[in-house]
Amino acid sequence: MPTYVGIIHVLLHRLVLERGGRPAIISKFSGLWGNGLHIAANNFIKDNHLEPRPEKIKELVVIYQSGDFHQLLDRTEKLLNKFSHSPILLNLQGAALFELGNELQAIEVYKNAIMSSPTYAQAYHNLAIAQLSLEFFDEANKNCDMAISLKHDFADALNTKAMVKFAQKNKGCARQLLENAIKLGGNGSSYSNNLGLICLHEKQWRDAVFHFQRAEELEPQNADAITNHGVALLAMGKLGEANCLFEKVIKNDPMSHSAQYNKGNMHAMLGESKLAETAYRAAIDILAHRPDRKKFMLGQPTIIDYLRSLTRATTFQGDDQYVKLMLSLLDNGTTTIPEKIQLNFALGKAYEDIKNYEKSFKFYSNGNKFLANGTSEKLTSEIEQFENIKTQFSNFMPAKTGRKRDKLFDTISPVFIVGMPRSGTTLVEQILASHSEVEPLGELTNFHSALAHSKCFERALCAEDFYKIEAHYADSIRYKKSENRYFTDKMPYNFLWIGFILMAIPNAKIIHISRDPMAVCWSNFKTYFSNNNETYHTCLTTIGTYYKSYEELMVFWEDLFPDKIYHQSYENLTQNPEVNISKILAYLELEWEESCLNFHRNGRPVQTASDFQVKKPIYNGSSEAWLFYRPYLRELEQSLAEAGILKR
């Protein structure tokens, strides 16, 4: 399960409104139609005698709002036989096709509506939405601009343009467009919801909650805002409050697959695999029968996300209906590359459960091949980074500067838990989190952000760099820390920055977790890291190369900072937990607490790919799981052997 919300995928813009006590599916995107449909219909009826009678158009609008898109498509087709150039009929037909999952057909029909009436702003807008759903971002952006140029106060078009900019990673522009849309009026609830989602994506939890609450104030039945509010609370660790919101949505709308899915994520964070499995299955069963089940919606999880989450929560047996569904989706001609990646990893896990290791390896391998496509340059830079760090630090002689550290660190010390991903860092944090003197903060990107802010990679290191790094890091975590003696930062990749950490924060503690090389490399290869930008783990040979570089860097740091790094073997920890936990606590000068041995009962939510594992008592054997795949891992074994890490 990815960190943040990688676990918790968020809805960006599916909005369900109530009209006269009946559900009216206004759009898969906030503000697609609204009252603009009635206004547009009336304007065209007045200006064009080739349109059907007003009462006929209003009947069609009611059908659209009822969600009976098949009937709407049938009625518009019949009317278009008589009114073949009617822009409003073509627009309605396009809307029906879009809602039924026929986005490409909808695009062509919207274009016909525009040909019939080149000044039809609503048709340009709906065309942009259909293009956005298929990730045709440039075309969607142009048509939003056309809609806005024709109708300067078109708040919904500003909202859709904001979603395009969000998809293109231009979050600042997206924010500004949404704020402008709010000023113009229109559907302020959906605009506030979308602002909240941008904040959620940027991990600005409190700002996200503010915008979702604002959306709920404007529209108390806005199920998306309520669900997304719950997602933000999950990210903040407020699981009870989040669950109340999900239950509220499900009570009002039992067919809300997104609320069911996020409820499953909540149970997953607590390691409650059976409850998570039940919620995921419910979400899949609801969405599997919908025509929009694979429609791209910014940030919104699809049925493929749901299936991948289910594979983590369950153990598949033989001929499973959900495995069949994944296979059918994989063979679907409309499945995108990102979706194929997820499906391959999910099927790899499914066939691992079924103990068909040949098929399992094939799917894991295919998923990684898709991930690796076009990443050779990035892969080279990842390996080169190790040597660059050593060169930069070798040219700087660590010395005590005598300058007083940030006052934050006078009373509290960070514990950085580092190592290769999948090495056991989550387990160690969960153990320490059970101690009364330790506050767990999870996987933080704050230290790397502090390094980037200092710009220390752009030139030779100097003492001033470390003051800047310390100050920025302290400011970034100041609001998170409690009154405990320690807080944990368990971003595994912080092993890259150990020297920077110890120079910037002299009282920092470093716990390095090592694991059997074949076990940790195989685990990296078979794990889908949704929020991980690294690419080394997509190829068995490059994993071996990366592992060698990692080991060499750890030797470099140990030579430079002797006795500053505590090394813990994952295998030793799982084989003799009490002895090894005692040693870790002694390194931190903490008293023994029995709760550390019973860490799986602490109720703390976990937001990493190890969520289900670390909610169980410590068990032996996980480092031998790779042996089932040994016939397919000769390449990895050879790579590690040539590096001197494994004996031939």
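Couplings for region 147-164, taken from phi via the Karplus curve 6.51 cos²θ - 1.76 cosθ + 1.60 with θ = phi - 60°, read 4, 5, 5, 7, 9, 5, 9, 7, 4, 4, 5, 4, 4, 5, 4, 4, 5, 5 Hz in order; Gly and Pro are left as x.
Based on C-alpha pairs under 8 angstrom that are at least 6 apart in sequence, region 234-351 has a relative contact order of 19 percent. Near Ala157, once Lys and Arg are set to +1 and Asp and Glu to -1 for all other residues with Cβ below 11 Å from its Cβ, the sum equals -1. Across region 513-575, C-alpha contacts under 8 Å between residues 6 or more apart give a mean separation that, scaled by the residue count, equals a relative contact order of 50 percent. The GluC sites (Glu not before Pro) of region 63-136 include none that meets both criteria, a DSSP state outside H, G, I, E and B (loop) and at most 10 other C-beta atoms within 10 angstrom of the site's C-beta. The packing ranking of peptides 566-576, 122-132, highest mean first, is 122-132, 566-576, where packing means the average number of other beta carbon atoms within 10 angstrom of each residue.
Considering only Tyr546, Ala508, Ser530, whose Cα is most displaced toward the positive end of the charge dipole of region 507-584, charges sitting on Cβ of Lys, Arg (+1) and Asp, Glu (-1)? Sorting the options by dipole projection puts first Ser530. Hydrodynamic estimate: the Kirkwood radius of region 75-230 over Cα pairs, inserted into Stokes-Einstein at 37 °C and 0.692 mPa s, corresponds to D of 202 µm²/s. Backbone amide hydrogens, once placed in the peptide plane, bring Glu439 within less than 5 Å of Tyr486, Phe487, Thr488, excluding anything fewer than 5 places away on its chain. Averaged over residues, the count of other Cβ atoms within 10 Å places the peptides 324-335, 546-557 in the sequence 546-557, 324-335, highest first. Segment Glu642..Gln105, full-extension length gain: 187.8 nm, with 0.36 nm per residue of separation and the alpha-carbon distance subtracted.
Simple spin-label estimate for Asp145 and His448 gives 3.4 nm between the two label positions (7 Å along the Cα-to-Cβ direction from each Cα).
For region 431-528, a simple Cβ point-charge model (Lys and Arg +1, Asp and Glu -1, everything else neutral) yields a dipole of about 160 debye relative to the Cα centre.
Taking all protein chains as shown and a probe of 1.4 angstrom, Thr336 keeps an accessible surface of around 50 Å². With 28 Å as the limit on Cα-Cα distance, the pairs of Lys203/Lys355; Lys142/Lys369; Lys171/Lys251; Lys142/Lys169 that go past it are Lys203/Lys355; Lys142/Lys369; Lys171/Lys251. Here the spin labels are modelled as points 7 Å beyond Cα on the Cα-Cβ line, and at Thr315 and Gln176 they lie 5.5 nm apart.
The calculated FRET efficiency for Glu135 paired with Ser476, based on their beta-carbon distance and R0 = 30 Å, is about 0.35.
The order of Tyr306, Tyr528 by accessible area, most exposed first and with a 1.4 Å probe, is Tyr528, Tyr306.
Cross-link reach is defined here as a Cα-Cα straight distance under 12 Å, omitting same-chain residues fewer than 8 places apart; for Lys468 the aspartates and glutamates meeting it are Asp406. At a probe radius of 1.4 angstrom, the accessible area of region 510-589 per residue rounds to 38 square angstrom. With 0.36 nm allotted per residue and the present C-alpha distance subtracted, the Leu327-Lys468 stretch has 45.6 nm of extension available. Rounded to the nearest 0.05, what FRET efficiency is calculated for Arg601 and Arg634 with R0 set to 45 Å and r the Cβ-Cβ distance? In this case the efficiency is close to 0.60.
Averaging the sequence gap over all C-alpha pairs within less than 8 Å and six or more residues apart, then dividing by the number of residues, gives region 149-295 a relative contact order of 13 percent. For region 121-127, backbone phi angles converted through the Karplus equation (6.51, -1.76, 1.60; θ = phi - 60°) give residue-by-residue couplings of 4, 5, 5, 4, 5, 5, 4 Hz, Gly and Pro being listed as x. Among the listed pairs Lys82/Lys111; Lys161/Lys340; Lys161/Lys238, a Cα-Cα separation exceeding 22 Å is found for Lys161/Lys340; Lys161/Lys238. For the pair Thr334 and Tyr587 in one chain, pulling the backbone fully straight at 0.36 nm per residue adds 85.6 nm over the alpha carbon distance.
Per q in 0.14, 0.22, 0.26 1/Å, what log10 I(q)/I(0) does a Debye calculation on the alpha-carbon atoms of region 470-530 return? The computed values of log10 I(q)/I(0) come out as -0.58, -1.02, -1.21. For region 432-519, GluC sites (Glu not before Pro) are listed when DSSP marks them as loop and at most 11 other Cβ atoms sit within 10 Å of their Cβ; the list is Glu483. Peptide packing: for 179-191, 82-94, 357-369, the average count of neighbouring Cβ atoms within 10 Å per residue gives the ranking 82-94, 179-191, 357-369, highest mean first.
The values are calculated or read from the model by the stated rules, or taken from the named source; none is laboratory data. Fair warning: this is a prediction, and the values are worked out from it, not measured in the lab. Ideal geometry is used to build each Cβ from the backbone, glycine not excepted, and the neighbour counts take in all protein chains shown. What goes into the accessible areas is simple: the full protein's heavy atoms, side chains included, and nothing from ligands, DNA or RNA. Shrake-Rupley method; radii C 1.70, N 1.55, O 1.52, S 1.80 Å.
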